[in-house]
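S.K.: Before we start, here is the structure in question, set down as structure tokens.
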Amino acid sequence: MGRLTYYPGCSLRHSAAEFDISTRLVLHKLGVDFVEVPDWTCCGSSPAHMTDHLLAQGLAARNLRQAATVGDEMVAPCPSCYQRQKDAELEIEEDPGFRQTVNEVLDLPYEGSVRVLTLPEVLLEKSGVEAIRRRVTTDLVKLRVVPYYGCLLGRPSSLTGEADEEQPTSMDRLLEAAGATVQRWNYKTECCGASVGMPKAEIHRRLSRKVLDQALEAGADAVAVACPLCHQNLDLRQVQINAAFGSSYSVPILYVTQVLGLAFGYSDEEMLLHKHAVDPRPLVAKAIKEAVAFREEEARLASEHEARQKMKEAAKQDRARRRAGRVPSTEEGGAAPEEAVPATSAHDREEEAAG
């Protein structure tokens, strides 16, 4: 049907509402048409896919079938949801026998016609960097961020199609197009420990602490994510990390769509910044204020430079005119021109001789 469907999943509907709302607003601002998957259900991550393969693929296949009733593409902003739907899409497409097995447990069959996409894919394919730049109304040049992809957004490449699992660039390009200053770092895809946050808290605290350390070392003021689990682990659990290590981290963790939304002129309230454990609003306000001052100073310096260039050009043209008239200027070391001697007539000369 040529239409994009939107699968929010359980997290975006509840604990990650700010990701859901900011995503919808950004897609709307960019003119990306979409419709929510009708009567969607849980994708099966993680309980189902860890215990029962057929159940996991059946849950995902049902969502794909529901999406197929209104479109032929699905965006799943949550990387875990994306992984489950994408894995089912590929297995059902490549294995007719398994497709038949799955369809036997569905109330209505799914024949395999929906392409599953990540949110960065949709933003870059359906809109693009230039379109994003054109929508920017709030300058975020003084907001220094690092993009954190986590484990699932680009891995494994056999599933996601990511060209470089260790150094992906999709979020970098989105953040740069929004006008933020993207800091370079080598911790883009290191695990934050979200998957062991409950059973092995010590491990998750150590891994998350390393991510925060590396972000600060890279010169970032904030970390941009596109995963509800990564956001929860790095934002909500900073208090636990500080208690465990005697540290004082206070690093705002923003969804990439919140950064885009702020750049597009949406307010703090519309981006639900108040829902964060580490309040990003003071940082955002400071960055916007500094950006205004920076642009004013930039404009002042540019104006002064232009004035100096005009003066140099005027002096250059003046010297050229003097040379063309063979009248050297005193600043070039030439002598002042001699006064012209008036010519005498023949009658005057005769009178002078007679006298």
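S.K.: Those residues that are in contact (Cβ under 8 Å) with a residue 60 or more places away in the chain, in a helix (DSSP H, G or I) and closer than 23 Å to residue 87 by Cβ, I need them from region 149-201; list them, please.
M.R.: Scanning region 149-201 gives 159, 160, 171, 195.
S.K.: Are there strands (runs of 3 or more DSSP E) fully within region 21-132 with at least 1 residues that are in contact with a Gly (Cβ under 9 Å, 6 or more places away or on another chain)? List them.
M.R.: Correct list: 34-36, 73-75.
S.K.: Looking for something part of a helix (DSSP H, G or I), touching a Lys or Arg at 6+ places or on another chain (Cβ under 8 Å) and more than 17 Å from residue 279 (Cβ to Cβ) - is there at least one such residue anywhere in region 209-218?
M.R.: No: zero hits.
S.K.: Which residue pairs have Cβ atoms closer than 6 Å, lie 6 or more positions apart in sequence or on different chains, and pair a first residue in region 250-272 that is farther than 15 Å from residue 20 by Cβ and touching a residue at least 60 places away in the same chain (Cβ under 8 Å) with a second residue that is surrounded by 24 or more Cβ atoms within 10 Å (Cβ to Cβ) and small (Gly, Ala, Ser)?
M.R.: Close Cβ pairs satisfying both conditions: 259/178; 259/180; 259/224; 263/178.
S.K.: Report yes if residue 267 is in the same structural domain as residue 209 (by TED's automatic domain parsing), under 18 Å from residue 179 (Cα atoms) and outside any helix (DSSP H, G or I), otherwise no.
M.R.: yes
The values are calculated or read from the model by the stated rules, or taken from the named source; none is laboratory data. A quick note: this is a predicted structure, and the numbers were derived from the prediction, not measured. Methodologically, a virtual Cβ is constructed for each residue, glycine included, from the backbone with ideal geometry; neighbour enumeration extends over all protein chains shown.
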